[in-house]
1. Please compute, over every Cα-Cα pair in the range 86-201, the percentage with a separation greater than 16 angstrom.
2. Net charge within 13 Å of residue 136 by Cβ-Cβ distance, Lys/Arg positive one each and Asp/Glu negative one each, not counting residue 136 itself?
3. If we count every other residue with Cβ under 13 angstrom of residue 174's Cβ, Lys/Arg +1 and Asp/Glu -1, where does the sum land?
Amino acid sequence: MASRTNKAAGFLVSLAAIGVAFIVIEGSNIESPASQESVSATSVAKQSNEPPNYALPAHDSEQQDDTRNSAAAQMQTTEQNSEAGDVDGDINSPSGGFSNSEWNAVRSAKKYLEMQGFSKKGLIQQLSSDAGDGYSLHDATVAVNSLTVDWNENAVRSAKNYLNMQGFSCKGLIEQLSSSAGDGYSHSEAEYGARQAGACD
């Protein structure tokens, strides 16, 4: 009887040992929550080390291209104006290689041309005479030569101004426009002005 009891007890011990071994083996394949969190943290760390993607949308890239092209075109236009002797821009500061006195003469010349018609000779005289602005002949000449002016159209303006004040014959108006005591236009400019103003049939 005792022998049977001992065998039964030994059998139970063996079963218990097998169960423990099984639990140990299965437990080794189960990841703990802490290990899972460690893996996730490692994955996030790797992702954070990847360089960010700064690619711009297509429309933003096209807008930048348009801006660069516009700036290049504006720069080219500015260079062309400088080469042509264009003096438009900031009228309060010298540009285009002018001295201060030359630049002031340019400003005065532009102001006169805004008010009425002038011949080239007449405008230089107005700028340089003591009864006019008193610039040196050099400064006045540099200023007028720097401007792009249609002297024929100025002759038309002068002719119309005379006709608004009084009557003139075609010949008389041409003489008034072209004489040195008058406006100082060339004969061809004076004739053009008189005809365009309606003084000549």
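Values in this text are rule-based calculations from the coordinates and carry no lab data. Since the structure is predicted, the reported quantities are computational estimates derived from the model, not experimental observations. Ideal geometry is used to build each Cβ from the backbone, glycine not excepted, and the neighbour counts take in all protein chains shown.
1. On the way: 3871 of 6670 pairs.
Considering the range 86-201, 58 percent of its Cα-Cα pairs are separated by more than 16 Å.
2. Details: positive: none; negative: 102, 130, 133, 139.
Within the 13 Å Cβ shell, the charges total -4.
3. Net of charged neighbours comes to -2.
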